[in-house]
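Some notes on the structure that comes next.
The values are calculated or read from the model by the stated rules, or taken from the named source; none is laboratory data. Please read all numbers here as calculations on a predicted model, not as lab measurements. A quick note on method: Cβ atoms are made from the backbone with ideal geometry, for glycine too, and the neighbour counts reach across all protein chains shown. Note: accessible area is taken over every heavy atom of the protein model, side chains too, but ligands, DNA and RNA are not part of it. Shrake-Rupley method; radii C 1.70, N 1.55, O 1.52, S 1.80 Å.
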Amino acid sequence: MTSEPAAPPPRAAPDALYSDPRLAACYDTFDGERDDLDHYEAILAELDAGSVIDVGCGTGALAVRLAASGLDVTGVDPAAASLEVARSKPSAEIVRWIHGTAEDLPELGADAAVMTGNVAQVFTTDEAWSRTLQRIRATLRRGGHLVFESRRPERRAWEEWQAETAQQAWDVPGTGRVISRPTRFEVDLPLVTFADEFTFLDGATRTSTTTLRFREEHELRSSVEAARFTIVEIRQAPDRPGREFVVIARAI
């Protein structure tokens, strides 16, 4: 008698900030200027990448920017509401959009894959992180590159976040005034969990909870190398010196 193959572990649902339609429509306003995207565009130019996978592309800020510059771009994200926002942007029609995670990507033979912002830190278990890295490796050509960032634990960014207790007001185009206030904060390293409540003009409220995993440099190195990459360089983020590991790895 043969045993049934083990069922894959359940995937974590994306935060409401990305998956709730009302919040996703506000996300670009909440996120503000994306100065970090200049750095990613410069790295991809350094690497002479012609085809790029934006893993956890969200509302598509980087994906449409790269596509408009002439790159062949695939954006993948598990939050359908964020992808709807992405699809409404200029140049969105020339991006290949996939609703899912990195594990749903086909083998594209791409030149590069990127994970911007907090994407690399939403994989809170070693298993989920490993599966993601392995699937990204499978979507890249040999010699292709993975570029991502992860916050440096020694910088203790969560202490600054925890100190931000005041509510904020946002004027969102097409939506109006939205008020946000923090409602929860927990530090159980290497995990940090926080939640915010958002209130709209009509009185409707939404709450979004995020948990991030902070990995030390040696953990990033070993996990990336185990997925058949070699580390090329770990840089500083020019717009946030001392705060981020910016990892550049080559598929082998």
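Is there any pair with a first residue in segment 228-241 that is free of Cβ contacts under 8 Å to residues at least 12 places away in the same chain and a second that is surrounded by 14 or more Cβ atoms within 10 Å (Cβ to Cβ) and among the acidic types (Asp, Glu) whose Cβ atoms are under 8 Å apart and which are 6 or more apart or on different chains, and what are they?
Short answer, once both residue conditions are applied: Gln236/Glu244.
Which helices (runs of 4 or more DSSP H) sit wholly inside segment 1-107 and have at least 1 residues that are closer than 25 Å to Ala227 by Cα, of a type in the set (Val, Ile, Thr) and at pLDDT 95 or above?
36-46
Taking the condition of being modelled with pLDDT of 95 or more, open to solvent by 70 Å² or more (accessible area, probe 1.4 Å) and in a loop (DSSP other than H, G, I, E, B), how many residues in segment 186-240 meet it?
Of the residues in that region, 5 qualify.
Could you run through segment 129-170 and say how many residues are hydrophobic (A, V, I, L, M, F, W, C) and in contact with a helix residue (DSSP H, G or I) (Cβ under 9 Å, 6 or more places away or on another chain)?
Going through segment 129-170 one residue at a time, the tally reaches 7.
Can you confirm whether segment 90-111 contains a residue that is touching a His at 6+ places or on another chain (Cβ under 9 Å) and more than 18 Å from Gly58 (Cα to Cα)?
Narrowing segment 90-111 to residues touching a His at 6+ places or on another chain (Cβ under 9 Å): 111.
Imposing the further condition that a residue be more than 18 Å from Gly58 (Cα to Cα) reduces the set to 111.
Yes, segment 90-111 has at least one match.
Name every residue in segment 134-151 that is open to solvent by less than 30 Å² (accessible area, probe 1.4 Å) and outside any helix (DSSP H, G or I), in order of residue number.
Leu140, Gly143, Gly144, His145, Leu146, Val147, Phe148, Glu149, Ser150
Yes/no matrix, rows are residues, columns are (1) surrounded by 15 or more Cβ atoms within 10 Å (Cβ to Cβ); (2) under 25 Å from Arg215 (Cβ atoms):
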{"position": "Arg34", "(1), (2)": "yes, yes"}
{"position": "Leu44", "(1), (2)": "yes, yes"}
{"position": "Val52", "(1), (2)": "yes, yes"}
{"position": "Gly56", "(1), (2)": "yes, yes"}
{"position": "Leu62", "(1), (2)": "yes, yes"}
{"position": "Asp72", "(1), (2)": "yes, no"}
{"position": "Ala86", "(1), (2)": "yes, no"}
{"position": "Ala110", "(1), (2)": "yes, yes"}
{"position": "Thr125", "(1), (2)": "no, yes"}
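Of all the residues that make up segment 94-105, how many are farther than 22 Å from Ser150 by Cα, open to solvent by 60 Å² or more (accessible area, probe 1.4 Å) and of a type outside the set (Val, Ile, Thr)?
The number of residues fulfilling the criteria is 3.
Looking only at segment 112-123, count every residue that is open to solvent by 20 Å² or more (accessible area, probe 1.4 Å) and touching a Phe, Trp or Tyr at 6+ places or on another chain (Cβ under 8 Å) and tell me the total.
Matching residues across segment 112-123 total 2.
Give Gly143, Gly174 a once-over and let me know the one that is modelled with pLDDT under 95 and more than 21 Å from the chain's Cα centre (by Cα).
Result of the check over Gly143, Gly174: Gly174.
Restricting the search to segment 162-171, which residues are at pLDDT 95 or above and among the small types (Gly, Ala, Ser)?
The answer is Ala169, and nothing else.
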